[in-house]
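Here's the structure, in C-alpha cells; my notes come after.
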Amino acid sequence: MKLVFEKIIPSENSSWRYWLYEQEHIGFHWHYHPEYEIALTLNSKGQRYVGDNIDDYDEFDMAFIGPHLPHTWCSSAAVKGKKQQVYVAQLPISWLEGLVFGMPDLEKLKALLLLSKRGVTFGKQAVIDAAKIFSSMHNADASTRLIGLLNILDIMANDPDKQPLSSSGYSVDITSDPSTDKLDKVIRYIHEHYTESIRAEHLAELVHMSTNHFHRFFKHRTEQTFTEFVNQLRISKACSLLINSQKPIYTISDICGFNNISNFNRRFLQFKAMKPSEFRSIYAGKNRAFA
C-alpha cells in the first residue's frame, strides 16, 4: 500500500478545516497528514484502517486520528441506497495543542490527544451526539463551528466507551515526498493569482505534468477538484470584502476573479447557500452592531 501525504487547507475564516463528504462509495485512500482529525461516518459499512489496526465499522462510526497516523476507510455499497456521509474536522497541531496545553479549562483533553496517537474509536451514543453537532455546523459561521468543535471534543473526552485502535508500539517511517513541493508550489500560485484567470493547463506546465495528470494529482492530494479549490478561495475572499468594505457586489465579483456577476452569484449560492446581498445584510450588520 503506497502511503500518500495529504495537504489540508483550513476552511474560510477558520483555523481548521470542516468538510462534509456525500458519496456512493468510500474508496481506499491510504494517507496521512500532520493535523489531528475527527472523522464521523454515517450510512456506511466497511473496513476502517488506522495504523496497524483493521476493523469492520457500521453506519455509526467516529474516530479521532493523531498527527501523521496513516488511515483510510473503505466502504461496501451504499446502505439502503442512501448517500454515505463523512463529517471531517482536521485540526492543525500547533493550533489545537496551543488551546489544550495553554488553557487549564481544557485539561481533560490532554489525555485524549495523547491517546489519538494510536487512533481512537467511540461508543454509539457518543457518535450520535457528535453527529447532531456536526450536522448543525454545515451552514454555520466560523465562531459557531468552533463552539461545536469544542463540544464534540468534550463528548469524545467524556465517552466511557472509547477505545484505542493501533498497537502502542506502532510507528511508521514517513519519508520525504517530492510531490508535496509541487502541491505547495501550485497552492502558493493560486493564492497569489486568484484575482486573475487561472488555467489548469498553466499550472500543469508549472509542475511539469500533463493537464489530465494534474487534475488527478490535485484531487488525490487535497480531496477537492482544482475548480472547487479556486472557487472556494475566491468566495472566501469575497465574504471578507462583503463584511469589511462598502464596495458594490459587482466590483467584489471582479476583484475576486469571477468573469461575470452571474457566475459569482451562482458560485456564492453554491458555497454559502444564500445570495451575496443576503450574506452582507446578515454579517456586515453584525459587525456594525458591535462597532
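What the table below lists for this structure:
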item	result
Using alpha-carbon coordinates, inclination of helix 93-102 to the longest axis of the chain, degrees	70
Semi-axis lengths, Å, the stretch 194-291, gyration tensor of Cα atoms, sqrt of 5 times eigenvalues	31, 13, 11
Nearest-ten-degree value, helix 178-193 long axis tilted from longest Cα axis of the chain	30
Global form of the stretch 13-69, assessed from the alpha-carbon gyration tensor, a/c cut-off 1.5	oblate
GluC sites (Glu not before Pro), loop per DSSP, at most 14 other Cβ atoms within 10 Å - longest free stretch of the chain	197-291
Proximal lysine pairs, the stretch 177-291, alpha carbons under 18 Å, eight or more residues apart or interchain	9
Those lysines that a straight Cα-Cα span of less than 30 Å connects to Lys108, excepting residues fewer than 8 apart in one chain	Lys7, Lys117, Lys124, Lys132, Lys162
Ellipsoid semi-axes in whole angstrom, largest first, where each is sqrt(5λ) of the Cα gyration tensor of the stretch 66-125	30, 13, 12
Distance histogram in 10 Å bins (all Cα pairs of the chain, percent per bin)	6, 25, 32, 25, 11, 1
Full-extension gain in nm, Glu24 to Ala111, via 0.36 nm per residue minus C-alpha separation	27.8 nm
Dipole magnitude of the chain about its Cα centre (Cβ charges: Lys, Arg +1; Asp, Glu -1), debye to nearest 20	880
Extension reserve of the Ser240-Lys132 stretch, reckoned as 0.36 nm per residue once the Cα distance is removed	36.0 nm
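Values in this text are rule-based calculations from the coordinates and carry no lab data. Worth saying up front: this structure is predicted, and the values here are computed from it rather than measured. With ideal geometry, Cβ positions are generated from the backbone for all residues, glycine too; neighbour counts draw on all protein chains shown.
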